[in-house]
Amino acid sequence: MQQGTLMRKVKSKSWKKQRYFKLQEDCMTIWYQSKRTGKTESAFSISDVETVREGHQSEVLQSVAEEFPPERCFTIVFYGRRGNLDLVAGSAEEAQCWVQGLRQLIEPRSFPLTFALVSRTWIRDWFQKADKNKDGRMNFKEVQRLLKMMNVDMNEDHALRLFQDADKSESGTLEGEEFVLFYKALTQREEVLSLFQEYSEDGKKLTLLELVDFLREEQLEDEGTEELAMELIDKYEPSETARARHVLSADGFLMYLCSLEGSIFNPQHRGLWQDMSQPLCHYFISSSHNTYLIEDQIRGHSSIEGYIRALKRGCRCLEVDCWDGPNGEPMVYHGHTFTSKIPFREVVSTLGKTSWGNSSSPPPLMGIFPHSSHPQRYGQSTAVQGISVLPETVQDPGAQGLWRHWVAQSASLSPPPQELKHKILLKGKKIGRLEDSLDGPGDEVPDVSDDDNGAEAEEERRRAKVSPGRGECWWMVLPSRGTQHGSALQKDKETLAQALSDCVIYCKNVPFRGFQEARSHSRPSEISSLSEAKARKLIRDEGNEFVRHNAWQLTRIYPSGMRTDSSNYSPQEMWNVGCQIVALNFQTAGMEMDLCDGLFSQNGCCGYVLKPPFMRDEETLFNPSDPSSREGPGPITLTIQVISGQQLPKVANSKEGAIIDPLVRVEIYGVPADQAHQETKYIENNGFNPRWDETLQFQLHVPELALVRFVVEDYDKTSRNDFVGQFTLAFANIKPGYRHIHLLSKDGTSIPPSSLFVHIRITE
């Protein structure tokens, strides 16, 4: 990699240019240049790279799959909305060299390394931006320009004093380590130093016992505190001498507070920490709407990138709409619109490669709905052939045996996620009952023809006919909304191909005819889809019945057909009644997706979150409109002291030299009684190290359902405030004490090293 590697940069099937790529000596910058002209075309920082994908895991590389084997191909994915970089190496060995090397650089083994690396990278990036004449040195005029770029409005005399203190060579310029000294002086954290000295007897170090006192009194660590203190010293203290003496310096203290252990997000909840043996209906499931679209619903681009991004984001319920295509090949797109099209086979192939993050990942729900004509939908069974490329779907004998067990042993429940690992659940139309398709030789359908069960027998005969509905699996290929109305009902009466019907094992879609009808005749293996408007009416009129229904059967909510711009509704009101599959447009950034990311960032980001106990009880009295109906302790008080901010980003497309006036707003999302927001005053002209020192307080009646969103905005007295950054998490994942909040961009990506420093208290 150090000598430069000749690779093909691929933008399309017809655009493949050879470029030299090289990792710079700092191991943090990559440049590439044209082979023909020798001109350097671009450079990017390792800190801009989110992940590296191997093989044909992009739409562009799939289009050239016949020309280049997967072992030579890889994709560099950047944070934010920057396009992917698709590359083809000269050999599999070269490809692996780049893939493994990049992964080691972007996925350090420990968070302290990440923090140190980010700080160094951030310093270097700013140095390069401000070094106007590119001589590797910065004079005071360039430093003044840098301060403006970094959101700092500093008194000129004070800035000159810092500059002169760092200029050890007395050359009138800063270079190398001199600039690092200037940066450290600039980023001195007085509020952290004050906290450190409060617990340090000599003001220079924290002894082991002093650190234990801090952890117990402030961070509320009450188990194994001495062992934890030793671990933190070993992990974050930069001085070998101090580590040997079991003491923590001010630098080590700051590194701890900026680490995962010092984050507001409880580190114990980052991994898979919840019970995964409950029925499927007892979980909230991360779900997307029209997953193939990466833009609007009318003229937007359809791409397998939509599926890859959703799955990488933790989505476990995906939609696929199949329509007629050329040469008997079904295509995926938004029907009766101008959206582009992608082959169904490519979609399924992509899902098969990217559905499981690791061996413990629960199943993806894939909803497949065929809108195509009879030959493509049934006769040729191309869709079924396409599904066969998946590693292992639920129609295999093992899955059928598992389903027989659940039908026989627990007819009132659906199987748990942990029993469905490495499976793909298909949701769709079904000929007859799910149980009937599993009855092999020697199996008999129960006799329900006696007089006492006559009504039930008639209902079974009625349900044996094909029901109108949508296709779906733990990747969901779901029908478009139009299939629920008008002429679509007539089409649903067509005889479904047995092969396609047999793929549906767990999730049979049925129309919703009311909660009493469902309780009398529906089964846990069935699922209904509701529009956001219908769901809101049920929440308003029958909130408790809705919660009870969702305790034993799956419900899917989808956006209004009027949301042609791919906007989203708030998922919180749907989660408040226990709806499991709340489908959102993942391509659209905003508060709604922040809530989705915030809820599902826990539990290993597996896309499943266990509902509270009072929402898993079929006889529950809970109604979100009446918090007193919740069984359990009374309200709790959440107190948040917003102390400071660090290195906040500038507003996108702001004028050169503009400096933000930041404020922090804390928003609570939950049951109606808990919905609230409060904000700090704004700090004028300081996005680098603003100090608020303001306390906000909230009362939560149903904390189990609450989400807390921290938003930083640039105050504007004449127009709407501009977004700067945000972080959202479930209340259950908040760690009390002095904590850093590492901010995310509008589209949910990290923006290091931007953060907030807060103090959290939770009391009953």
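Tabulated values for the structure
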{"quantity": "Debye-sum result for the stretch 5-106 in log10 I(q)/I(0), which assumes one identical scatterer on each alpha carbon, at q = 0.11, 0.15, 0.19, 0.21 Å⁻¹", "calculated": "-0.29, -0.56, -0.94, -1.17"}
{"quantity": "Amide H contacts under 5 Å for residue 29, placed H, 5+ residues apart", "calculated": "24, 46"}
{"quantity": "Where 149, 28 fall by accessible area, highest first, once all protein chains stay in place (1.4 Å)", "calculated": "149, 28"}
{"quantity": "Cα centre as origin, Lys/Arg/Asp/Glu Cβ charges: the stretch 567-721 dipole, Debye", "calculated": "340"}
{"quantity": "Mean Cα-pair separation over length for the stretch 535-593, i.e. relative contact order, pairs under 8 Å, 6 or more apart, %", "calculated": "39"}
{"quantity": "Cα centroid separation, the stretch 148-172 to the stretch 719-764 (Å)", "calculated": "31"}
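The values are calculated or read from the model by the stated rules, or taken from the named source; none is laboratory data. None of these values were measured; they are calculated from a predicted model. When we count neighbours, we look across all protein chains shown, and the Cβ atoms used for this are built from the backbone with ideal geometry, even at glycine. Quick note on the areas: whole protein, heavy atoms, side chains included, nothing else; ligands and nucleic acids left out. Shrake-Rupley method; radii C 1.70, N 1.55, O 1.52, S 1.80 Å.
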